[in-house]
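A.B. asks: Have a look at this one before I ask anything.
Computed from the coordinates by the stated procedures, all read-outs in this text should not be read as laboratory data. Computed from a predicted model, the values in this text were never measured in an experiment. We place every Cβ from the backbone using ideal geometry, glycine too, and count neighbours over all the protein chains shown.
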Amino acid sequence: MRTTTEPAASPALIREPSAAVKRRRLWGKMRRFGPLYLLFLPVLAYYAIFHYAPMTGVVIAFKQYNFMDGIFHSPWAGLDHFRRFVENGDFWEIFRNTLLLAFYRILFAFPAPILFAVLLHEMRFPKWKRFFQTVSYLPHFVSWVVVYALVYNFFSESGLVNMLLKSTIGHSVEFLSSTEYYRTMFVGSAVWKEIGWNAIIFLAALTRVDPDLNEACAIDGATRWQRLWHVTLPGIRSVISIMLVLSLGGILSVSFEQTLVMINPQVAPVAEVIDYYIYRVGLLNTNNYSYATAVGLFRSLIALSLVLIANFASKKLDEEGAIW
């Protein structure tokens, strides 16, 4: 039996769509998803106006800015402000404080909502589960001023904890004015305030774990701890990786509001971080806007580098655990 094959089309006959055809296709897609674009428009306008447009002011990091000449007519300073910051005697102390506080928050504050979400997910009483969820969410909506007021009432010299210590061991402990305890108070209050709110995304991820896998493991004799370690946590591994990458992006942006209300002259050597330093030299002092902007840009570049490195490592370990 003789078979015939059709000749392949020559490259000359294969034509790319014209510009008019491409425009019609694009317009058709936009009309099709028009309502979604309209919903996204306020979000786009918000980020364009309040996040991207102000970035033009970053140029003052390379200038000697003054009000009379404005942003674009002030004299150039080059990298003088960056060199001034690195050569400043406060640089290493502030950088060390920022890294240590950020490291402790990653070490303790990041796994805390994961553990809390797993405990809530394993709870067998729906009413108690909803109660603990609601109670844990509430501190997120309270300002740091109120949170510090609660911390002060408990851990100040005349607070409840020190009253109990005086009655038991005979003396009080300076929790809020001692460099030894500042980092513990800082991280502990942050965990208490945000653990419930940060657990929401992990609770949502836990609903994706196939319950049949847990049932199969239980039939095979696996304990609850073994099911948690080999089924539940691997099921949300990609979400944990993505959240860790996002957390590393803000590793140098230690909570400014929390630092502002908790810092005092006694704990300043271990409490002053880059964000507070920018506030101190940029707003409390006069005409240091260029220097403060340079410090902020320096911090942002380091944070961007950490995000890129963490995303690359997450992608190597898990294809779904990277942002891009």
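A.B. asks: Give me the one-decimal nm value for the distance between modelled label points at TYR47 and ARG130, 7 Å along each residue's Cα-to-Cβ direction.
C.D. replies: Spacing of the two 7 Å Cα→Cβ label points: 3.6 nm.
A.B. asks: Lys/Arg Cβ at +1, Asp/Glu Cβ at -1, dipole of the chain taken about the Cα centre: which of PHE33, VAL21, TRP225 is farthest positive-ward?
C.D. replies: Selected residue: VAL21.
A.B. asks: Any idea how far apart LEU138 and ASP69 come out in nm if each label point goes 7 Å out from Cα toward Cβ?
C.D. replies: Here the modelled spin labels are 5.6 nm apart.
A.B. asks: I'd like the Karplus ³J(HN,Hα) series for region 30-37: coefficients 6.51, -1.76, 1.60, θ = phi - 60°, whole numbers in Hz, and an x wherever there's a Gly or Pro.
C.D. replies: After applying 6.51 cos²θ - 1.76 cosθ + 1.60, I find 5, 5, 5, 9, x, x, 5, 5 Hz.
A.B. asks: What full-extension length gain, to one decimal in nm, is calculated for ALA268 and SER253 as 0.36 nm per residue of separation minus the Cα-Cα distance?
C.D. replies: On the way: separation 15, 0.36 × 15 = 5.40 nm, distance 1.73 nm.
Computed gain between ALA268 and SER253 is 3.7 nm.
A.B. asks: On full extension of the chain, what length is gained from LEU160 through ASP220, given 0.36 nm per residue of separation minus the C-alpha to C-alpha distance?
C.D. replies: Working: separation 60, 0.36 × 60 = 21.60 nm, distance 5.02 nm.
The LEU160-ASP220 span can extend by a further 16.6 nm.
A.B. asks: Mind checking which lysines have their Cα closer than 24 Å to the Cα of LYS193? Skip sequence neighbours fewer than 8 apart in that chain.
C.D. replies: Correct list for LYS193: LYS127, LYS129.
A.B. asks: So which residue, out of ARG124, ARG237, ARG32, gets the largest mean-square fluctuation from a GNM of the chain using Cα contacts under 10 Å as springs?
C.D. replies: The residue that fluctuates most here is ARG32.
A.B. asks: Now a separate question. Multiply the residue gap between LYS29 and HIS171 by 0.36 nm, knock off their C-alpha separation, and tell me the result in nm, one decimal place.
C.D. replies: Extra length available between LYS29 and HIS171 comes to 43.9 nm.
A.B. asks: Still on this structure, I have one more. Check LYS63: other-chain or 5+ apart residues with amide H under 5 Å from its amide H, H built from backbone geometry?
C.D. replies: When sequence neighbours closer than 5 places are left aside, the close amide H contacts are ALA77.
A.B. asks: Further, regarding this structure: Taking the Cβ of TRP144 as the centre, find all other residues whose Cβ is under 9 Å away and add up their charges (Lys, Arg: +1; Asp, Glu: -1).
C.D. replies: 0
A.B. asks: Could you give me the radius of gyration and the Dmax of region 43-137, taking only the C-alpha atoms into account and expressing both in angstrom?
C.D. replies: 23.3, 67
A.B. asks: Specify, per residue and in Å³, the volume enclosed by the convex hull of the alpha carbon atoms belonging to the chain. Display every interim value, and only then the final one.
C.D. replies: Values: hull volume 99.0 nm³, N = 324.
Per residue, the Cα convex hull of the chain comes to 306 Å³.
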